């Protein structure tokens with residue numbers, strides 16, 4: 001049976017891209033890909049007791065439609081340990097392929113606050129078995145993201161406080177200066193592995209303090225200079 005013969009016809013196959021509000025504009029930022037940096041804060045590496053502290057961060061992906069913009073995150077199936085990881089998000093605005101650290105920031109459109117939601121039990125199971133992280137990381141609604149602040153409006157976010165509270169209690173509290181790799185190094189290194197394009201998001205890694213959440217929990221993440229990200233687990 002051809003696509004045009006299926007219920008709804010070919011039009012049923014047209015799926016609108018996920019898009020994110022841009023602060024100070026009536027335009028939207030259409031999401032192309034979502035990249036994430038693993039182990040980019042020393043204290044988080046020690047907290048997880050995984051990997052060598054001397055290893056550079058590595059990259060993994062989430063599907064574009066994992067991005068959540070309405071603040072509602074369903075508690076996922078296949079886990080009894082659903083955890084938050086709050087981090088700075090970089091939005092790419094122009095093609096970047098094998099760029100140098102000196103020019104990497106030229107390709108950044110803006111910044112946002114984001115959450116890398118994780119099925120921690122599934123991630124640990126994957127680690128033990130030497131399997132990819134998809135089941136622990138790359139599932140539906142696993143990438144809540146706040147509005148994007150253009151560089152033209154806020155400049156480049158190089159430093160400042162980063163904290164996350166669950167039901168009003170602060171759980172993560174750090175500063176961006178503690179990232180092992182900073183933004184221009186991340187963009188440069190990632191551009192050697194993939195051709196970055198407008199619409200790409202890069203979640204830059206989380207500090208220590210990650211932990212579990214339950215249905216009904218309300219999360220508020222703040223990064224200095226950016227709008228807060230507010231999420232409810234439903």
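The values are calculated or read from the model by the stated rules, or taken from the named source; none is laboratory data. Since the model is a prediction, treat every value here as computed from it, not as a measurement. Glycine gets a Cβ as well: all are built from the backbone with ideal geometry, and neighbour counts include every protein chain shown.
Of all residues in the stretch 102-117, how many are surrounded by 24 or more Cβ atoms within 10 Å (Cβ to Cβ) and assigned to a strand (DSSP E or B)?
6
Has the stretch 90-101 got any residue that is surrounded by 14 or more Cβ atoms within 10 Å (Cβ to Cβ), out of contact with any helix residue (DSSP H, G or I) (no Cβ under 7 Å at 6 or more places or on another chain) and modelled with pLDDT of 95 or more?
Yes: one or more hits.
How many residues, within the stretch 198-234, are assigned to a loop (DSSP other than H, G, I, E, B) and more than 12 Å from residue 84 (Cβ to Cβ)?
14
Among 175, 234, 187, 183, which is without any contact (Cβ under 8 Å) to a residue 24 or more places away in the chain and either surrounded by fewer than 17 Cβ atoms within 10 Å (Cβ to Cβ) or under 29 Å from residue 101 (Cβ atoms) (or both)?
175
I need the full set of residues from the stretch 156-197 which are over 18 Å from residue 208 (Cα atoms) and in a strand (DSSP E or B), in order please.
Across the stretch 156-197, the qualifying residue is only 196.
If residue 32 meets every condition in (1) modelled with pLDDT of 75 or more; (2) part of a loop (DSSP other than H, G, I, E, B); (3) farther than 21 Å from residue 96 by Cα apart from one, which number is that one?
Here residue 32 clears every test but (3).
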